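> Sharing a structure here in structure tokens format.
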Protein chains: 2
Amino acid sequence: MLKAFCFILNFKTRVLPTVTPGYLRPLIPDSAPEKPDNWTDVMSDIERVIMPGVTHWHSPKFHAYFPTANSYPAIVADMLSGAIACIGFTWIASPACTELEVVMLDWLGKMLDLPSEFLASSGGKGGGVIQGTASEATLVALLGAKAKTMQRIKMEQPELSDDVIVSKLVAYCSEQAHSSVERAGLLGGVHMRKVKADSSHKLRGEALEDAIKKDLAAGLIPFYVVATLGTTSTCAFDRLDEIGPVGNRYKVWVHVDAAYAGSAFICPEYRYLMKGIELAESFNFNPHKWMLVNFDCSAMWLKDPNWVVDAFNVDPLYLKHDQQGSAPDYRHWQIPLGRRFRALKLWFVLRLYGVENLQTHIQRHIGFAKDFEKLCMADSRFEIFTEVQMGLVCFRLKGTNEVNESLLKKINGRGNIHLVPSKIGDTFFLRMAVCSRFTKSEDMQYSWEEVSKSADEVLSA
Amino acid sequence: MLKAFCFILNFKTRVLPTVTPGYLRPLIPDSAPEKPDNWTDVMSDIERVIMPGVTHWHSPKFHAYFPTANSYPAIVADMLSGAIACIGFTWIASPACTELEVVMLDWLGKMLDLPSEFLASSGGKGGGVIQGTASEATLVALLGAKAKTMQRIKMEQPELSDDVIVSKLVAYCSEQAHSSVERAGLLGGVHMRKVKADSSHKLRGEALEDAIKKDLAAGLIPFYVVATLGTTSTCAFDRLDEIGPVGNRYKVWVHVDAAYAGSAFICPEYRYLMKGIELAESFNFNPHKWMLVNFDCSAMWLKDPNWVVDAFNVDPLYLKHDQQGSAPDYRHWQIPLGRRFRALKLWFVLRLYGVENLQTHIQRHIGFAKDFEKLCMADSRFEIFTEVQMGLVCFRLKGTNEVNESLLKKINGRGNIHLVPSKIGDTFFLRMAVCSRFTKSEDMQYSWEEVSKSADEVLSA
């Protein structure tokens, strides 16, 4: 067992595996064994079959996407969750599962200094919930907003049928919002309008208001806007301080997607980036990205969860219980019915790191990004694509997209570090995300050298 | 650590906790600590704070809902998954994660003797995927069916707008289908028609066809039917052999929800209950219920996943990779974007139990239900509500609903065993589900005695 954990954390290998599609099937039998295999064989197959095909997300050499979290406290808590193995769909199905989640979302909300309206401890309607992913949070909020707007429009215009109202609903997001936001529109069956961001890739209040006005003039019904704090492409922060007032003015539900960057709000110095949060209806970020809680743990707060709860409240006798109403039944807050005891890993991480160490973790990553930015700027062949925010550096070789595409191919082909690209407008660039909790200064130096050597090769070719 | 696992499995306590809503908040601080707590305190708080509020789903005295699975191989595999901690949204994001899932769903499909069209190993379009829950599988299939039908209708009647087509779509399920099926209709924004079941609580082909014909005559568009194999209330099996041909005749996508009972199809003697499976478009069951794989692991197969994949394919540059098309990118098969390495626990359970031991596990549970049925029938105060299927016995005291409600209250109030009720038509009854992998004959005897003693008290009052 210990051996298995050791080679998982052996980051001396390539960060990207060299296997090709279909590699695994020939390595194992083509059907399950009739009689049990033995433990030794199974464990050694982790090394033989699995590890050669693993992309090492926790290597300091992994800089793709955004981080995914991992820590011993979270893994131990997940073991306990696996052993208790309750399904917390209602309060009575395992009271501790629901109650710890309520209190942990309060702890976490306080760490971010969220307005008290979002917290269960305020005694109002608000409260938090653990979703699986930010994609689900975006969809849940959209469905809540849809239900709320349907009710309002039916009061105002009782002659309209449900189908007609739905066909007129319009949601908004920045053109820079994550692909899952567009997907939430598809899943929810409503129009999702992508609004042009400003030259810093941020959604501004004025652009949103123009879009809303145009839609209102066309007889449509604006109902939902997603403000992204920390976009995937460049970690741009939409101007929530402008979007909030516009949303409120037009009765448009403001949902904040801070999937990656939200963890930084545990540091007071970054909270200016969520100015306007008091005007949002719902807020979401992923402790499973940057706050050392293993996937899945996506924290979501709602000022009035009843819009979500009532929209999908299907209540069969076999799920009823005597305490309904005096504690949340989280099954009404989410897409799936079943749910694991995920609050345990949040509790373990918050207690066993303490707020200070979590702040330090965030600050170190941001510092590493600044270091990399400096290395990049000191090399005249390179340019920084856009303001460096959080643990992400967007950079490129001065020159064509083609040369930058070659650079990326070269870097990933060498396999020592791993990056993914993005493109805004016509400009292709590389993203260097600081991802690992094991990262040290010398790792950033190493990653820079890989980039630099790859550039040598590309430019000399 | 070991101590923690020991008290988790201490089933001498009440199966239902005695805590009341709000019990937990006063037991812990009202915010996260600034500096780390120590491990010993955290682990001992499991016993002090958590265990008093846990409902013991794995106690042999737990008979509510349906089982949720739990085993050492699954927990160990989850630890490895927690340590590897990759996010398998695309093939390149961790090839092993995708590839093991493809092969495990083939292994599992073969164990159930699913038609080869569902298996990736057949070389056709079909294949399997691990969803979080059956609720999500029902929704994913509904959205695939919606996309498929939209395309067909737009070809046949190009004058119809999307909004008009959506407003005419009708899905079908038995009135006995799980609440999550009705909810899938709400989430997907389509009408879900509940069709009356027969006197054995099964959806029949004729009733479905009548409903479809009526809707067609009214200008509506039937597009999706959910056949439940093993309903939650009574474990009734819809007549898939009749529903399949009707669905195919009217171009209605047939989805099979065998969430609980599907595990029994690993035993050849129960496969007659899924007769007609070759006519379904999609099939789903939960190894995390009855096949010893910890939650979440909901296995779903699709004959043609492209309907789902293409319906929600949003493909930003940062998620593209060179191998696209030569292996599945599972992010397109599901609602969330992120996904854990869940195939590991399926692999571990299949190998470390072997097919024979898993079959024995199913057969033992079915045997225990038969034992309980006999005990019940031998007591003239009781009656069996409907045919006993799988590990579920639906029973009641002869007499009024009120006396049965009192009986349930008495049983759960004593707290030694835990049951939930259901109601069909006007008849309230109790459900005795065999849930624990630790259950022995004497446990069923104990549970019967609890029921019998409670009946003594209720009837003498």
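The values are calculated or read from the model by the stated rules, or taken from the named source; none is laboratory data. What you see is a predicted model; the values in this text were computed from it and never measured. Cβ atoms come from the backbone with ideal geometry, glycine included; neighbour counts cover every protein chain shown.
> Which condition number in (1) within 7 Å of another protein chain (Cβ to nearest Cβ); (2) in contact (Cβ under 8 Å) with a residue 12 or more places away in the chain is the one that A:VAL42 fails?
(2)
> Limited to segment A:231-260, what total is found for residues that are in contact with a helix residue (DSSP H, G or I) (Cβ under 6 Å, 6 or more places away or on another chain), within 14 Å of chain B (Cβ to nearest Cβ) and among the small types (Gly, Ala, Ser)?
The qualifying residues number 1.
> Quick one: count up the residues across segment B:331-357 that are assigned to a helix (DSSP H, G or I) and in contact with a helix residue (DSSP H, G or I) (Cβ under 8 Å, 6 or more places away or on another chain). Quick ask: steps written out before the conclusion?
We begin by selecting, within segment B:331-357, every residue assigned to a helix (DSSP H, G or I); these are B:331-333, B:343-357.
Then keep just the ones that are in contact with a helix residue (DSSP H, G or I) (Cβ under 8 Å, 6 or more places away or on another chain); that gives B:331-333, B:343-353, B:355.
So the answer is 15.
> B:VAL308 - would you say it is within 9 Å of chain A (Cβ to nearest Cβ) and either under 20 Å from A:GLY132 (Cβ atoms) or not small (Gly, Ala, Ser) (or both)? Break it down into steps so the answer makes sense when it comes.
Working: within 9 Å of chain A (Cβ to nearest Cβ): no; either under 20 Å from A:GLY132 (Cβ atoms) or not small (Gly, Ala, Ser) (or both): yes.
Considered against the rule, which asks whether it is within 9 Å of chain A (Cβ to nearest Cβ) and either under 20 Å from A:GLY132 (Cβ atoms) or not small (Gly, Ala, Ser) (or both), B:VAL308 comes out as no.
> So, one more: I'd like the full set of residues that are part of a helix (DSSP H, G or I) and either without any contact (Cβ under 8 Å) to a residue 24 or more places away in the chain or over 15 Å from B:GLU99 (Cβ atoms) (or both), limited to segment B:305-330. Spell out how you get there, then give the answer.
Step one: filter segment B:305-330 for residues part of a helix (DSSP H, G or I), giving B:306-311, B:317-319, B:330.
Passing the criteria: B:ASN306, B:TRP307, B:VAL308, B:VAL309, B:ASP310, B:ALA311, B:LEU317, B:TYR318, B:LEU319.
> Also, I was wondering about something else. Which residues, taken from segment B:115-148, are buried (at least 21 other Cβ atoms within 10 Å of the Cβ), within 21 Å of A:LEU187 (Cβ to Cβ) and of a type in the set (A, V, I, L, M)?
B:VAL129, B:ILE130, B:ALA134, B:ALA137, B:LEU139, B:VAL140, B:ALA141, B:LEU142, B:LEU143, B:ALA145
> Continuing with this model, one more query. Of everything in segment A:65-84, what is of a type in the set (A, V, I, L, M, F, W, C) and either buried (at least 23 other Cβ atoms within 10 Å of the Cβ) or in contact with a Leu (Cβ under 8 Å, 6 or more places away or on another chain) (or both)? Give them in sequence order. Before you say what the answer is, go through the steps one by one.
Here is the first cut: in segment A:65-84, the residues of a type in the set (A, V, I, L, M, F, W, C) are A:66, A:69, A:74-77, A:79-80, A:83-84.
A:PHE66, A:ALA69, A:ALA74, A:ALA77, A:LEU80, A:ALA83, A:ILE84 - these are the residues of segment A:65-84 that are of a type in the set (A, V, I, L, M, F, W, C) and either buried (at least 23 other Cβ atoms within 10 Å of the Cβ) or in contact with a Leu (Cβ under 8 Å, 6 or more places away or on another chain) (or both).
> Identify all residues within segment B:261-305 that are of a type in the set (Phe, Trp, Tyr), away from chain A (no Cβ under 14 Å) and farther than 23 Å from B:ARG239 by Cα; write none if there are none.
None - no residue of segment B:261-305 is of a type in the set (Phe, Trp, Tyr), away from chain A (no Cβ under 14 Å) and farther than 23 Å from B:ARG239 by Cα, so the list stays empty.
> Which numbered condition trips up B:GLU356, out of (1) in contact with a strand residue (DSSP E or B) (Cβ under 8 Å, 6 or more places away or on another chain); (2) within 11 Å of chain A (Cβ to nearest Cβ)?
(1)
> While we're here: Grab the strands (runs of 3 or more DSSP E) fully contained in segment A:377-461, keeping just those with 2 or more residues being surrounded by 22 or more Cβ atoms within 10 Å (Cβ to Cβ) and hydrophobic (A, V, I, L, M, F, W, C). Break it down stepwise before answering.
Working: elements: A:382-384, A:392-397, A:420-424, A:427-433.
By residue number, A:392-397, A:427-433.
> Also: If a residue has to be free of Cβ contacts under 8 Å to residues at least 24 places away in the same chain and closer than 30 Å to A:ALA64 by Cβ to count, how many in segment A:217-254 make the cut?
The qualifying residues number 0.
> So in segment B:68-81, with the set limited to residues that are assigned to a loop (DSSP other than H, G, I, E, B) and more than 7 Å from every other protein chain (Cβ to nearest Cβ), which one is nearest to A:VAL103 (Cα to Cα)?
Step one: filter segment B:68-81 for residues assigned to a loop (DSSP other than H, G, I, E, B), giving B:68-71.
Those still in the list that are more than 7 Å from every other protein chain (Cβ to nearest Cβ) too: B:69, B:71.
Working: B:ALA69: 27, B:SER71: 29 Å.
Once the filter is applied, the top-ranked residue is B:ALA69.
> Within the group A:LEU119, A:LEU139, A:LEU112, A:LEU169, which residue is within 14 Å of chain B (Cβ to nearest Cβ) and either within 25 Å of B:ARG340 (Cα to Cα) or free of Cβ contacts under 8 Å to residues at least 12 places away in the same chain (or both)?
Details: A:LEU119 fails: either within 25 Å of B:ARG340 (Cα to Cα) or free of Cβ contacts under 8 Å to residues at least 12 places away in the same chain (or both); A:LEU112 fails: either within 25 Å of B:ARG340 (Cα to Cα) or free of Cβ contacts under 8 Å to residues at least 12 places away in the same chain (or both); A:LEU169 fails: either within 25 Å of B:ARG340 (Cα to Cα) or free of Cβ contacts under 8 Å to residues at least 12 places away in the same chain (or both).
Of A:LEU119, A:LEU139, A:LEU112, A:LEU169, the one residue that is within 14 Å of chain B (Cβ to nearest Cβ) and either within 25 Å of B:ARG340 (Cα to Cα) or free of Cβ contacts under 8 Å to residues at least 12 places away in the same chain (or both) is A:LEU139.
> How about segment B:25-39: which of its residues are out of contact with any Phe, Trp or Tyr (no Cβ under 7 Å at 6 or more places or on another chain) and either more than 30 Å from A:TRP39 (Cβ to Cβ) or at pLDDT below 95 (or both)?
Pass one, segment B:25-39, residues out of contact with any Phe, Trp or Tyr (no Cβ under 7 Å at 6 or more places or on another chain): B:25-30, B:33-35, B:37-39.
Residues satisfying the conditions are B:ARG25, B:PRO26, B:LEU27, B:ILE28, B:PRO29, B:ASP30, B:PRO33, B:GLU34, B:LYS35, B:ASP37, B:ASN38.
> Residues that are modelled with pLDDT of 95 or more and not aliphatic (A, V, I, L, M): list the helices (runs of 4 or more DSSP H) wholly contained in segment B:108-208 that include at least 3 such residues. Before you say what the answer is, go through the steps one by one.
Values: elements: B:134-156, B:162-168, B:179-188.
The qualifying helices (runs of 4 or more DSSP H) are B:134-156.
> So, in segment A:419-461, exactly how many residues are within 14 Å of another protein chain (Cβ to nearest Cβ) and acidic (Asp, Glu)?
If we filter segment A:419-461 for residues that are within 14 Å of another protein chain (Cβ to nearest Cβ), which is where we start, we get A:419-433, A:435-438.
Checking the rest, the ones that are also acidic (Asp, Glu) come to A:426.
Total meeting the criteria: 1.
> Shifting gears a bit: Out of (1) more than 8 Å from chain A (Cβ to nearest Cβ); (2) of a type in the set (Phe, Trp, Tyr); (3) surrounded by fewer than 16 Cβ atoms within 10 Å (Cβ to Cβ), what's the single condition that is false for B:PHE62?
Every listed condition holds for B:PHE62 apart from (3).
> Here are some conditions: (1) touching a Pro at 6+ places or on another chain (Cβ under 7 Å); (2) outside any strand (DSSP E or B). B:ALA299 meets all but one. Which one does it not meet?
It is condition (2) that B:ALA299 fails.
> Go through segment A:175-187 and report how many residues are at the interface with chain B (Cβ under 7 Å from one of its Cβ atoms) and either more than 14 Å from the chain's Cα centre (by Cα) or buried (at least 24 other Cβ atoms within 10 Å of the Cβ) (or both). Outline the logic, then answer.
Step one: of segment A:175-187, the residues at the interface with chain B (Cβ under 7 Å from one of its Cβ atoms) are A:179-180, A:182-183, A:186-187.
Now restrict to residues that are either more than 14 Å from the chain's Cα centre (by Cα) or buried (at least 24 other Cβ atoms within 10 Å of the Cβ) (or both): A:180, A:182-183, A:186-187.
Total satisfying the criteria: 5.
> Just to check your reading of the model, which residue among B:VAL309, B:VAL293, B:VAL314 is among the β-branched types (Val, Ile, Thr) and either modelled with pLDDT of 95 or more or surrounded by 24 or more Cβ atoms within 10 Å (Cβ to Cβ) (or both)?
B:VAL293 is the lone residue from the list that is among the β-branched types (Val, Ile, Thr) and either modelled with pLDDT of 95 or more or surrounded by 24 or more Cβ atoms within 10 Å (Cβ to Cβ) (or both).
> Looking at segment B:382-410, I want the residues that are without any contact (Cβ under 8 Å) to a residue 40 or more places away in the chain and have a partner that is surrounded by 21 or more Cβ atoms within 10 Å (Cβ to Cβ) and of a type in the set (D, E, K, R) with Cβ atoms under 7 Å, at least 6 apart or on another chain. Which pairs are those?
Between residues of segment B:382-410 that are without any contact (Cβ under 8 Å) to a residue 40 or more places away in the chain and residues that are surrounded by 21 or more Cβ atoms within 10 Å (Cβ to Cβ) and of a type in the set (D, E, K, R), the close pairs are B:GLU383/B:ARG396; B:ASN404/B:ARG396.
> Going through segment A:82-95 one residue at a time, which ones are at the interface with another protein chain (Cβ under 7 Å from one of its Cβ atoms) and aromatic (Phe, Trp, Tyr)?
A:TRP91
> Another question, then. Any residue that is under 30 Å from B:ARG431 (Cα atoms), within 14 Å of chain A (Cβ to nearest Cβ) and surrounded by 16 or more Cβ atoms within 10 Å (Cβ to Cβ) - is there at least one of those in segment B:319-337? Working first, answer last.
Initially, segment B:319-337 is screened for residues under 30 Å from B:ARG431 (Cα atoms), giving none.
No: segment B:319-337 contains no residue that is under 30 Å from B:ARG431 (Cα atoms), within 14 Å of chain A (Cβ to nearest Cβ) and surrounded by 16 or more Cβ atoms within 10 Å (Cβ to Cβ).
The rows are residues; the columns are (1) under 30 Å from A:TYR330 (Cα atoms); (2) in a helix (DSSP H, G or I); (3) in contact with a helix residue (DSSP H, G or I) (Cβ under 8 Å, 6 or more places away or on another chain); (4) modelled with pLDDT under 95.
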| residue | (1), (2), (3), (4) |
| --- | --- |
| A:VAL49 | no, yes, yes, no |
| A:PHE66 | yes, no, yes, no |
| A:PHE89 | yes, no, yes, yes |
| A:ALA96 | yes, yes, yes, no |
| A:LEU100 | yes, yes, yes, no |
| A:MET104 | yes, yes, yes, no |
